[in-house]
Amino acid sequence: MTYADDTTQQTREGATGTGDARQAGEGVIRVAVADDQAVVRMGLRALLEREPGMEYAGEAGDGQAALTLLRRARPDVLLLDIRMPGMDGLAALRAIAADPDLRSTRIVVVTTFAVDEYVFAALQAGASGFLLKDSDPAELVNAVRVVAAGEALLSPAITRKVIGLFGRAGAEPVEGLETLTPREREMVAWVATGRSNDEIAAELTISPDTVRTHVSRAQVKLHARDRAQLVVFAIRAGLALPT
């Protein structure tokens, strides 16, 4: 990711914020950052602070500080590094998912590493998507807007890699599979390809509204917060289409 270098403000390790949690203006997305590298935090801050419709909600240098930050600042989106000292990103993700007061914050994992064992674990723990740190700034801004709107950030290329790496173990018993209709199972399988509703509709020659209805019903039945959770379900249940 190419970061701006026009910021000279120093940041410290641990959690820093813009003050106590407060209501931002309507439509403003409040974004926090958790990364153990100060230069990364500074770059993300410079990028987010100049982006219209976004507000920088604070930063943290490790997972424990990130939890403190979330409780105080209540951001809409957290950009989270996985590999941090002390409490790492995965442990923080699990703690966030287990806390009713924190789980409304959407998590985008921002990592130096390509798809590896941490990615599927992060999705299982509740991440709504992930980006590489060398992604273009426009991609990061788009990622924030996508997950803030309640969607998942999983490209077809990423989902193919995830399925290829973690979908080989075969199906396992998963709660909720029996509640899905055959059509809903089919939609979950297609969601796991990373395609949008419009793209699925084009593949199956049905309307996008029909796809949207079946996907929404599947999410409700499976208690899936977003499409990322449907991808995890599809892989575990053996529904994911071959890559």
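The values are calculated or read from the model by the stated rules, or taken from the named source; none is laboratory data. These numbers come from a predicted model, not from an experiment. Ideal geometry is used to build each Cβ from the backbone, glycine not excepted, and the neighbour counts take in all protein chains shown.
Out of the residues in region 25-39 meeting the condition of being closer than 20 Å to ILE82 by Cβ and out of contact with any strand residue (DSSP E or B) (no Cβ under 8 Å at 6 or more places or on another chain), tell me which one is surrounded by the most Cβ atoms within 10 Å (Cβ to Cβ).
Going through the qualifying residues, I end up with ASP36.
Taking into account only those residues within region 193-232 that are in contact (Cβ under 8 Å) with a residue 40 or more places away in the chain, within 18 Å of GLY150 (Cβ to Cβ) and not in a helix (DSSP H, G or I), which is nearest to the chain's Cα centre (by Cα)?
Only one residue fits best here, namely ASP226.
What is the one condition in (1) at pLDDT below 80; (2) surrounded by fewer than 21 Cβ atoms within 10 Å (Cβ to Cβ); (3) not aliphatic (A, V, I, L, M) that PRO137 does not satisfy?
(1)
Considering only residues that are aromatic (Phe, Trp, Tyr), touching a Lys or Arg at 6+ places or on another chain (Cβ under 9 Å) and either surrounded by 16 or more Cβ atoms within 10 Å (Cβ to Cβ) or under 22 Å from LEU48 (Cβ atoms) (or both), which ones fall in region 94-134?
Result: TYR118, single match.
Yes or no: region 207-226 includes at least one residue that is modelled with pLDDT under 80 and out of contact with any Phe, Trp or Tyr (no Cβ under 9 Å at 6 or more places or on another chain).
no
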